[in-house]
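First up is the structure itself, then whatever we jot down about it.
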Number of protein chains: 2
Amino acid sequence: MVSIVDVAKAAGVSNKTVSRVVNGEPNVKPATKERVQGVIRDLGYVPNMAARLVRSSRSLTLGIVTDFISTTPYSGDIVRGIQEWAEENGRTVLLANTNGDRDKEREIWRTFQSHRIGGALYVSMYHREISPSLGDVATPTVLVNCHPEPANGYPSIEPNDYQGSHDLTRYVLERGHRRIGYIRLNPKLLGAELRLSAFREAVREAGLSDSDVDIRLGMEGPIGSETNRVYSQAQDLLTGSNPPTALMCGNDEIAFQAYLAALGAGLRIPEDISIVGFDDFQTVSLALKPELTTAALPYYALGYRGADRLMRVIEGEKLREDHLVLECPVVARGSCK
Amino acid sequence: MVSIVDVAKAAGVSNKTVSRVVNGEPNVKPATKERVQGVIRDLGYVPNMAARLVRSSRSLTLGIVTDFISTTPYSGDIVRGIQEWAEENGRTVLLANTNGDRDKEREIWRTFQSHRIGGALYVSMYHREISPSLGDVATPTVLVNCHPEPANGYPSIEPNDYQGSHDLTRYVLERGHRRIGYIRLNPKLLGAELRLSAFREAVREAGLSDSDVDIRLGMEGPIGSETNRVYSQAQDLLTGSNPPTALMCGNDEIAFQAYLAALGAGLRIPEDISIVGFDDFQTVSLALKPELTTAALPYYALGYRGADRLMRVIEGEKLREDHLVLECPVVARGSCK
DNA sequence: GGGCAAAATGACAACGTTGACATTTTTGTT
DNA sequence: AACAAAAATGTCAACGTTGTCATTTTGCCC
C-alpha cells in the first residue's frame, strides 16, 4: 500500500511536508501543496489511521455498546442518530452488542480499549437504570436511554416518560374522557412505571375517582420473554358492562393489539373508543387506521445529542448537568376523539 | 497507557517474550509465561491494535456499509447476524450508513480504507441489484440482501423471494382457496416483483383463471416516501361483490393493514378471510391476532452467513459459488384457514 | 565431561505516521 | 548590500508493536 514515504519521494519533498499537506497545516507554499496533492491523487494515497493513532494517541473512533435489541427495534433510530452525528463530525463508529451478557460486555470494553477508542456510548434498548461493566476501563462514556446507578457518575441522556405520559393523559382528559382504561407495560421497565405514575397523577389532578380508571397489566415476566396478555385484557376492558371511552396504552405495540381487540369487537375508532399509545413507533403508529395518537420518544435525538455530549466529555469539558432528559411530545393523530 | 515495554521491564524479560505470551506463541517456559501473565494482569496491559496493524498489516476489523434503514427496520437482524459472527470469530465491527447518498458512500469506503479494514459487508435494507461506489478501493466485499450488476463481480448473499412466495401460494391453494386477492409491494423493489411473479406462476400452475385472482397495487412511488394505498385497496377487495377467500400480501406490514381493513369490515380472520404476509417481521406477525401465516425472510442468516463468506474471501478462498440464495420458509400460524 | 540439537529468550529494525526542533530560503527594511 | 525576521522545508526520533534472525541456555546422548 502507498505510504507517505512513497508520496514524498514522488513529489520531491520530505515526509513531513506531505504530512503538512494531508493535515492542512499552514505555511506550505501553494505550488508545493498542489504538487503534493497531485501525487496523492495519482498514487491513490490514503493515510493510515492506525499509524496516526500510534504516533499521536488521538483517536477519531467512537464505540457504541448496545445491550440487546428488543422486539421494538428502535436501536435503528438511536444508532442512526449517533451515526449521523459521527459523520457530521468526522468520526468512525465501532458497534458491539452485549445481548445483555455481562461477560460479553466486559470483553467488548476490552476490545474497545484495545482499539484505543476516544469514547463510548452505552445504549440501552429500553429506558432503565444500569451499571455498565467497564471494570477499570477508563473510557469516557455517556449512557443513552438509561441512567447510572447512584454509585456511578456516568453522564446520561434519557427520555422524559413521566412528562410525556402526563401530557398525553391531560390531552385525553381535555377531550372530555372521564372513563379511561390503561394497559400497562411490563412493570420491570422503568419507563412503564414512570408512564403509569404520570397517568395516575394526571387523573387524580383531574378529580377522577378509582372507579373511573381501569388499569390492566398487559405484559409481565422477564424482559425479552414476556407474557403478553394485552389482547385479552383489551377485550375484557372493551366488552365490560361499563367500558371506558378512552384506552391509554403503555406503548404503541400495546395500542396495536388494542386496535385489533376493538375492531374485533365491532367498535369504531375513535367514535366508540379512543385509543392512544406511547413512543410513536411509526411502523405501527402510522400504519394503524386511523393513525395513532401517541407521545413520541425522541430516539433519534437521544442518539444524536448523546454523541454530542460524549464529544464534550472526551474534550474534558465540564457538562452543565450530568443527566439530560429529553421531552416526549404528544403527537395528535386520528385515534383520539 | 501501559505498553509492552512496561510489562517487559516489570517481568524481567524482553518485549518479544511478552509478545510471545500475549499472542500464545509456542516455546515459552511455563514459569516465564505465568510471571508475564501476572504482570499483565497487575499492570492492566491491553495490546494496542493500531500498533499491531501498523507492524503486521493484519486487520481484525470488518466494515458494514448500510444504505438506508427503511420503515421495516430489519437492519437490526441482518446487522445482529453479522455481529454475532464477528464476536464468535474475534472480529470488531465498524458501521457506517450511506443513507442512499453516493458521495457519502465514497467517503465511507475511503474511511474504511484509512482504517485498513480486512473487508466489508455491503448491506442493502431491501432486496435489490446494486453497484457499490468503491471507486478503485480494493477492499474484499460481500453484498448482503442484494446482488451486483452484471458488470460487477462481487460475491453476494440474498433471499429467495420467488421460492418463498411460490411455496406460500401453494400453501394457500392447498387449503382450498380458489379466489385469491394479492396486494403488491412497490414495484421498484426486486423482491416485490419476484414475489408477484411467483404468485402468478403458482396460481397459473394450479389452473386458476384471471378472474380468480385480483391483484392490487398497495405501495408506489420513490422508495422511502411511497404512497400507501394498502388500506383502501384492502377495503375495496374485501367488500366487493365476489370477494376473495384469501388475501396474500406483499409483506407483513401490508398484511397488518389488511387485518385492520378486514376487522373494520366486520370480517373474522381466518373464518371469513384468510390473510398471509411475507417476511415474518415479528413485531407485526406475532402481534396480530390470530398470528400471521407468512414466509420468513432469513435476515439473521443473511448477516451471519454473509460475514462468514466475507471471511473466506479475505482469506483468498475460492468460493464454490459467487451468489448464494437463502430460502424463505413458510411459517404457518393461525391466519390462514 | 563434552558435543550437538532443541528450547528459550533476546536484539534489532521495521511498519507509517507526526511532534519537536533545526535548517534553509525568502522577503522586507534600513 | 546587509541584516533580521518570517516562511518554508527538512531531520530525526518516537509511538507500540512484531518479523526475522541471533544468542544463550538446557537437555540428551555417547
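The values are calculated or read from the model by the stated rules, or taken from the named source; none is laboratory data. These numbers come from a predicted model, not from an experiment. Cβ coordinates were reconstructed from backbone atoms using ideal geometry, including for glycine residues, and neighbour counts include every protein chain displayed. Side chains included, ligands, DNA and RNA excluded: accessible areas come from the protein's heavy atoms. Shrake-Rupley method; radii C 1.70, N 1.55, O 1.52, S 1.80 Å.
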Qualifying helices (runs of 4 or more DSSP H) (wholly inside region A:234-337; at least 3 residues being closer than 25 Å to B:A255 by Cα and touching a residue at least 12 places away in the same chain (Cβ under 8 Å)): A:252-264
Exclusive hit being within 30 Å of the chain's Cα centre (by Cα), within 16 Å of DNA strand D (Cβ to nearest atom) and under 28 Å from B:S56 (Cβ atoms), set A:S19, A:S59: A:S59
Selection count, region A:192-209, where residues are touching a helix residue (DSSP H, G or I) at 6+ places or on another chain (Cβ under 7 Å) and in a helix (DSSP H, G or I): 8
Number of the condition not met by B:S211 [criteria: (1) among the polar types (S, T, N, Q); (2) open to solvent by 30 Å² or more (accessible area, probe 1.4 Å); (3) in contact with a strand residue (DSSP E or B) (Cβ under 8 Å, 6 or more places away or on another chain)]: (3)
Residue match in region A:259-268 (condition: among the small types (G, A, S), under 17 Å from the mean Cα position of the chain (by Cα) and surrounded by fewer than 22 Cβ atoms within 10 Å (Cβ to Cβ)): no
Some residue of region A:15-24 being closer than 30 Å to A:V142 by Cα and within 16 Å of DNA strand C (Cβ to nearest atom): yes
Residues being near DNA strand C (Cβ under 7 Å from one of its atoms) and more than 10 Å from chain A (Cβ to nearest Cβ) - total across region B:34-60: 0
Matching option when the condition is surrounded by 14 or more Cβ atoms within 10 Å (Cβ to Cβ) and acidic (D, E), among B:E226, B:E205: B:E226
Out of B:D6, B:D67, sole residue that is within 16 Å of DNA strand C (Cβ to nearest atom), of a type in the set (D, E) and either free of Cβ contacts under 8 Å to residues at least 60 places away in the same chain or out of contact with any Lys or Arg (no Cβ under 7 Å at 6 or more places or on another chain) (or both): B:D6
Any strands (runs of 3 or more DSSP E) falling wholly within region B:73-191 and containing at least 1 residues that are over 30 Å from B:S274 (Cβ atoms) and open to solvent by 20 Å² or more (accessible area, probe 1.4 Å): B:119-130, B:141-148
Residue within region B:272-284 that is under 26 Å from A:G266 (Cβ atoms), away from chain A (no Cβ under 14 Å) and open to solvent by less than 60 Å² (accessible area, probe 1.4 Å) present: yes
Verdict on A:R52 being without any contact (Cβ under 8 Å) to a residue 24 or more places away in the chain and within 18 Å of A:G118 (Cβ to Cβ): yes
Members of region B:84-118 that are facing chain A (nearest Cβ under 8 Å) and hydrophobic (A, V, I, L, M, F, W, C): B:V93, B:L94, B:L95, B:A96
Test: B:G191 is under 15 Å from the mean Cα position of the chain (by Cα) and assigned by TED's automatic domain parsing to the domain that holds B:Q233: yes
Complete set of residues in region A:191-213 that are basic (K, R) and under 24 Å from A:S241 (Cα atoms): A:R200, A:R204
